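Each value in this text was obtained by applying a stated rule to the coordinates, not by laboratory testing. These numbers come from a predicted model, not from an experiment. Here the Cβ positions follow ideal geometry from the backbone for every residue, glycine too, while neighbour counts run over all protein chains shown.
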Amino acid sequence: MRESFQKGVYPVMLTPFTEENRIDEDALGKLTEWYIENGAAGLFAVCQSSEMFFLSLKERMRAARYIKKCAGNRVSVIASGHVSESMEEQAEELCCMAETGVDAVILLTNRLAAETESDAVWLENLQILLDRLPKDLPLGFYECPYPYKRLLSPELLRWCADSGRFYFIKDTSCDLDQIRQKLSMIRGSTLQLFNANSSTLLESLEMGSSGFSGVMANFHIDLYAWLCGNYEQEPEKARKLADFLTMASLIERQIYPVNAKYCQKLLGNLDSIFTRVKDADRLGRTERLEVEQLMRLTDLIRKEWILK
């Protein structure tokens, strides 16, 4: 049995592409270094922000393997990438992902049952997958919003915690009552909860969650790393920073992940803002100005609050 994952920030990684629509490994390497140098506790590769539903299995494996190679033993790398409908194909995809050497393979909660199907069906399908995956393979969950969001009930989470096979859950409930219930169900187990939502992050940390795994780490991961690491020692500064992060996170409602790639291009990590999920031309001049203004404000927050 592996030890628990390090607490902190697990950014949901972007996948850089060339203008010719191929994975840009040079940019992916720069991006990996940027995450680590700016405080990532681990890396969540091959997730929705990585455009996994628009990557072939070969591309998903290639990206995960390359990220793990770049990260080495400095931080843990977890990855998802099962996008098929049938349990047989999903088991094959997950086993392939395990072969890349990542530290844990993450299951999408919405892949295990249709939106109209019950928790009993979901659990039955989970058991089918568990029987087909290596018994010593560390696993986790991601409540992925696409193609529909399926939140785990506290009861299902208790079953998963008791199984001893799960170590990570990316919670997307954005609801402190649900987070509190989930934390009560996994307390004392190997399963750790990472919050995807900026608005509830500070309160969830105070409740006992293990950190942050959300899209805004692609804009200013160091601020999230500071919050996760210092909220107990400096509560007043943490409250100010959490309020800023909530307001800043409204940019998620812009053209994501194009806007995040634009931010990373300005930082010098990406050469292109091309994505497969959205037309990059939708990020007009006004939207670019908003990203630039957020980056300047972020620098001000660093200087006035964090580095002061």
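Cross-link reach is defined here as a Cα-Cα straight distance under 18 Å, omitting same-chain residues fewer than 8 places apart; for K135 the aspartates and glutamates meeting it are E3, E88, E92, E93, E99, D103, E124, D162.
Pick from Y66, Y35, Y146: which residue has the top mean-square fluctuation in a GNM of the chain where Cα pairs under 10 Å get a spring? Comparing Y66, Y35, Y146 in a Gaussian network model of the chain, the most mobile one is Y146.
Computed from Cα atoms alone, the Kirkwood hydrodynamic radius reported for the stretch 69-151 is 13.3 Å.
In this simple spin-label approximation, E124 and K58 carry label points 7 Å from Cα along the Cα→Cβ vector, and these lie 3.7 nm apart.
Taking a sphere under 13 Å around the Cβ of E124 and counting the other residues whose Cβ falls inside, with K and R at +1 and D and E at -1, yields a net charge of -3. Summing +1 for each Lys or Arg and -1 for each Asp or Glu among the other residues whose beta-carbon sits under 14 angstrom from that of A114 gives -2. GluC sites (Glu not before Pro), restricted to the stretch 209-304: which are DSSP loop and have at most 11 other Cβ atoms within 10 Å? Loop-located and lightly packed - E232. Just the Kirkwood number for the stretch 206-250, please: inverse of mean 1/r across all distinct Cα pairs, in Å, one decimal. Kirkwood radius, the stretch 206-250: 10.8 Å. Here D119, D131, D24 are placed in order of increasing Cβ neighbour count within 10 Å, fewest first, which gives D131, D119, D24. Computed over neighbours whose Cβ is under 11 Å from that of I255, the net charge equals 0, Lys and Arg +1, Asp and Glu -1. Panel note: the C-alpha atoms of the stretch 127-175, placed on their principal axes, show extents of 31, 22, 16 Å (largest first). Please state, rounded to one decimal and in Å, the Kirkwood hydrodynamic radius that the stretch 218-308 gives when every pair of distinct Cα atoms enters the mean of 1/r. Its Kirkwood hydrodynamic radius stands at 14.1 Å. Residue by residue, the stretch 33-42 carries 3J(HN,Hα) couplings of 5, 4, 4, 5, 5, 9, x, 4, 7, x Hz when phi is fed to the Karplus relation 6.51 cos²θ - 1.76 cosθ + 1.60 (θ = phi - 60°); x denotes Gly or Pro. Dipole size of the chain about its Cα centre, with +1 on Lys/Arg Cβ and -1 on Asp/Glu Cβ: approximately 620 debye, rounded to the nearest 20.
DSSP beta bridges confined to the stretch 8-233 are antiparallel in about 5 percent of cases. Between P134, N73, M97, the Cα set farthest toward the positive side of the dipole of the stretch 1-149 (charges on each charged residue's Cβ, about the Cα centre) is that of N73.
In the P(r) worked out for the stretch 93-230, what percent of Cα pairs fall beyond 23 Å? The share of Cα pairs beyond 23 Å in the stretch 93-230 comes to 34 percent. Ordering L43, I23, L57 by Cα displacement along the dipole of the stretch 8-233 toward the positive end leaves L43 in first place; charges were set at the Cβ atoms of Lys, Arg (+1) and Asp, Glu (-1). Starting from 0 in steps of 20 Å, tell me what percent of the Cα-Cα pairs of the chain lands in each bin. Going from the shortest bin to the longest, the percentages are 35, 59, 6. Charged side chains reduced to their Cβ positions (Lys and Arg at +1, Asp and Glu at -1) give the stretch 87-230 a dipole of some 340 debye around its Cα centre. Give the lysines reachable from K237 as a straight Cα distance under 23 Å; neighbours fewer than 8 places away on the same chain don't count. Candidates past the 8-residue exclusion: K7, K303, K308. Here each label is just a point 7 Å from Cα along the line to Cβ, and for R253 and E88 those points are 4.5 nm apart.
Rounded, prolate or oblate, given the Cα gyration tensor of the stretch 98-138, with a/c below 1.5 counting as rounded? In terms of gyration-tensor shape, prolate.
Set Lys and Arg Cβ to +1 and Asp and Glu Cβ to -1, take the dipole of the chain about its Cα centre, and tell me which of P145, F166, L205 lies farthest positive. Positive-end residue among those listed: L205.
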